[in-house]
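Read the figures in this text as sums done on the coordinates, not as results from a lab. Note that the structure is a prediction, hence the values are computed from the model and not measured. Using ideal geometry, Cβ is built from the backbone for each residue, glycine included, and neighbour counts are taken over all protein chains shown.
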Amino acid sequence: MQVTIRNAYLTVTASAQGAELQSVQCDGRERLWQNENGSWAGHAPILYPVCGATAVRLGGRVYPCPFHGIARAARFTVAAQTERSVRFRLLSDDETKKAYPFSFRFDVIYTLHGRTLTVTYEIENTGAEVLYASCGGHDSFALEDAVGAYALCFEKVENLDDYLTDGDGHLTGETVPLGEGRVLDLATPLLDGGGSICLDHLRSRAVALRHKTTGEQVARLAFPDTEKLVLWHPEGSRMLCIEPWQTLPDTAGETLDLSEKDGILTVPPQQTLQITRRILYGYDGAEARPRTL
């Protein structure tokens, strides 16, 4: 089942399978990756209750939670819908508890305002014990040129380090310095061959993806609830995934309890927590177009 919402600028389609965006049309142009070269069939998976290669280790027991969690393969229901918004819902059951032993309600809400798509994750702890969870986005951005023609511009000056991962997606414990400033040039071998860049301890809570030559803004992504950001580029594609994550993957050999992970969300019994990000596609009418980065 697919649901479409729209306003004067955006037409957005999402699937009940994984509550995943399937298409984002803005000003008549597709803004989501559509697998033009066959390198990645995804668009914008939902990561819950873990991000990346993370073990659900609780009280000495390890649960078989898959890479990026259970939500992306789950069938959501449509809990509410208007012309400009839709709320998808996933409820815990006996199957989810085999991989993640908490009682929960997990809603994914898409809302349109102008050229901005707001994505809200709502986690309700419906159980009697404290719930621990992570969540994250995996939004793709379709590009007109190769990824090396673009740069990621931060709202604040950053001292950027890439937290390296191994072939299994675990952090190695090593970092590569990427420099200091407000601009990260995406013409980097770190993104070659399906590479990724893991950033942590960011001061910025928003980034803009811009063409280095024209200054055109592809999108601006605001992530007020996290200091972690992952970039990923499938080999040969004209796209970039910009992914705000609450937690980074486990370090290889790590044995931390899920409750001890940096950035983990803690939801008391019968309480609800929201995590929100906002994606502005192109420019809104109030924003001046920069001539340079």
What distance in nm separates the two pseudo spin-label positions at Glu174 and Arg29, each 7 Å out from Cα along the beta-carbon direction? 3.9 nm
Give the cross-link partners of Lys156 among the lysines, using a straight C-alpha distance below 30 Å as the criterion and excluding same-chain residues fewer than 8 apart. Lys212, Lys228, Lys261
Given a Förster radius of 45 Å and the C-beta distance between Val130 and Val157 as r, what FRET efficiency does 1/(1 + (r/R0)^6) yield to the nearest 0.05? 0.75
Using a basic spin-label model with each label point 7 Å from the Cα along Cα→Cβ, how many nm lie between Arg6 and Asp145? 3.2 nm
Which residues in the range 116-140 place their backbone N less than 17 Å from a point set 7 Å from the Cα of Leu256 along the Cα-to-Cβ direction? 132-136
Once you've got the GNM for the chain with C-alpha springs shorter than 10 Å, pick whichever of Gly179, Gly59, Gly282 has the biggest mean-square fluctuation. Gly59
Which length gain, in nm to one decimal place, applies between Arg61 and Thr82 when the Cα-Cα distance is subtracted from 0.36 nm times their residue separation? 3.3 nm
Out of Gln271, Val183, Val78, whose Cα points farthest toward the positive end of the dipole of the range 2-281 (charges: +1 Lys, Arg; -1 Asp, Glu; placed on Cβ)? Val78
Projecting each Cα onto the charge dipole of the chain (Lys/Arg +1, Asp/Glu -1 at the beta carbon, about the Cα centre), which of Ile197, Ala55, Gln2 comes out farthest on the positive side? Gln2
Please find, in a Gaussian network model of the chain (springs between Cα atoms separated by less than 10 Å), the residue of Gln17, Gln271, Gln25 whose mean-square fluctuation is greatest. Gln271
Can you list the residues, at least 5 places off or on another chain, whose amide H is less than 5 Å from the amide H of Leu178, using H built in the peptide plane? Leu160, Asp161, Asp162
Given the Cα-Cα distance of Ala187 and Gln17 and 0.36 nm per residue of separation, how much length would full extension add, in nm? 57.8 nm
Dipole size in debye (nearest 20) for the chain around its Cα centre, Lys and Arg Cβ +1, Asp and Glu Cβ -1? 980 debye
Output needed: percent of Cα pairs per 5 Å distance bin for the range 1-84, bins running from 0 to the one holding the longest distance. 3, 13, 17, 19, 18, 13, 8, 5, 3, 1, 0
Select from Thr188, Thr126, Thr111 the residue whose mean-square fluctuation is largest in a Gaussian network model of the chain (Cα-Cα springs shorter than 10 Å). Thr188
Qualifying GluC sites (Glu not before Pro) in the range 25-125, DSSP loop, other Cβ atoms within 10 Å at most 16: Glu36, Glu83, Glu95
